[in-house]
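Taking it in order: structure first as structure tokens, then the write-up.
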Amino acid sequence: MAIKEGDKIPSVTLKHMTADGMADISTDELFGGKKVVVFSLPGAFTPTCSAKHLPGFVQNADALKGKGVDTIACVSVNDAFVMNAWGKDQNVGDKVLMLADGNAEFSDAVGLSFDGSGFGMGKRAQRYAMVVEDGVVKTLNVEQPGAFEVSSAEAMLDAV
């Protein structure tokens with residue numbers, strides 16, 4: 001069952017790259033006491049994700065943070081090395097925290113994974129965005145398969 005507005009984010013560990021190498025970050029650490037916009041997408045370097053989804057959040061990072069957002073996080077079922085390389089390719093800098101959900105543990109825990117085996121992609125995360133305040137989902141916008149509308153940075157600007 002998918003997570004819904006008003007639910008608490010489950011405790012899961014994600015990975016990200018730091019100056020010292022790969023590091024763990026728990027969802028408790030990520031979301032506790034903060035306002036976070038987290039968006040998820042099927043894969044790093046994929047067409048819509050690279051052309052629209054991630055760039056929109058990079059371009060609108062200052063506006064989101066100006067509305068009280070502490071962290072903007074991108075989650076994908078890729079490893080931390082791929083997420084780091086994609087972040088560099090997209091000139092993310094420190095605007096978006098690139099989080100690896102390599103085993104789809106977060107995506108499964110929030111009930112927003114799907115089987116992309118038919119496309120040669122294995123298990124993946126659905127495309128969505130949410131506003132989370134102190135670990136509780138305030139807004140959840142899940143895209144229909146193949147769509148890119150409600151999970152955009154612009155939609156999240158309206159939601160925060």
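The values are calculated or read from the model by the stated rules, or taken from the named source; none is laboratory data. Bear in mind that the values here come from a model prediction, so they are computed numbers and not experimental data. Here Cβ is always computed from backbone atoms with ideal geometry, including for glycine, and neighbour counts include all displayed protein chains.
Quick notes on this structure:
- Summed over the stretch 42-69, the residues that are among the hydroxyl-bearing types (Ser, Thr, Tyr) and either over 15 Å from Gly87 (Cβ atoms) or in a helix (DSSP H, G or I) (or both) give a count of 2.
- Taken over the stretch 127-156, the criterion of being assigned to a loop (DSSP other than H, G, I, E, B) and either modelled with pLDDT of 95 or more or over 12 Å from the mean Cα position of the chain (by Cα) (or both) is satisfied by Asp134, Gly135, Glu143, Gln144, Pro145, Gly146, Ala147, Phe148, Glu149, Val150.
- Set Ala153, Ala109, Ala125: member being closer than 18 Å to Thr48 by Cα, in contact with a Pro (Cβ under 8 Å, 6 or more places away or on another chain) and not hydroxyl-bearing (Ser, Thr, Tyr): Ala125
- Lone qualifier among Lys123, Lys138, Lys88, Lys95 - being surrounded by 14 or more Cβ atoms within 10 Å (Cβ to Cβ) and farther than 23 Å from Met1 by Cα: Lys95
- For the stretch 51-83, a residue qualifies if it is of a type in the set (Val, Ile, Thr) and either in contact with a Pro (Cβ under 9 Å, 6 or more places away or on another chain) or touching a residue at least 40 places away in the same chain (Cβ under 8 Å) (or both), and the qualifying residues are Val69, Thr71, Val75, Val77.
- Single match in Ser152, Ser76 (criterion: more than 23 Å from Met17 (Cα to Cα), surrounded by 14 or more Cβ atoms within 10 Å (Cβ to Cβ) and among the small types (Gly, Ala, Ser)): Ser152
- Matching residues in the stretch 1-22 - criterion: being farther than 16 Å from Leu99 by Cα, loosely packed, with under 12 Cβ neighbours inside 10 Å and of a type in the set (A, V, I, L, M, F, W, C): Met1
- Within the stretch 23-45, being acidic (Asp, Glu) and either surrounded by 23 or more Cβ atoms within 10 Å (Cβ to Cβ) or farther than 18 Å from Asp79 by Cβ (or both) holds for Asp28, Glu29.
- Every residue from the stretch 100-118 that is surrounded by fewer than 22 Cβ atoms within 10 Å (Cβ to Cβ) and not charged (D, E, K, R): Gly102, Asn103, Ala104, Ala109, Gly111, Leu112, Ser113, Phe114, Gly116, Ser117, Gly118
- Residue pairs meeting the criteria (Cβ under 6 Å; at least 6 apart or on separate chains; first in contact (Cβ under 8 Å) with a residue 60 or more places away in the chain, in the stretch 20-33; second of a type in the set (S, T, N, Q) and part of a loop (DSSP other than H, G, I, E, B)): Thr27/Ser11; Asp28/Ser11
- Residue match in the stretch 57-72 (condition: of a type in the set (A, V, I, L, M) and under 17 Å from Phe106 (Cβ atoms)): yes
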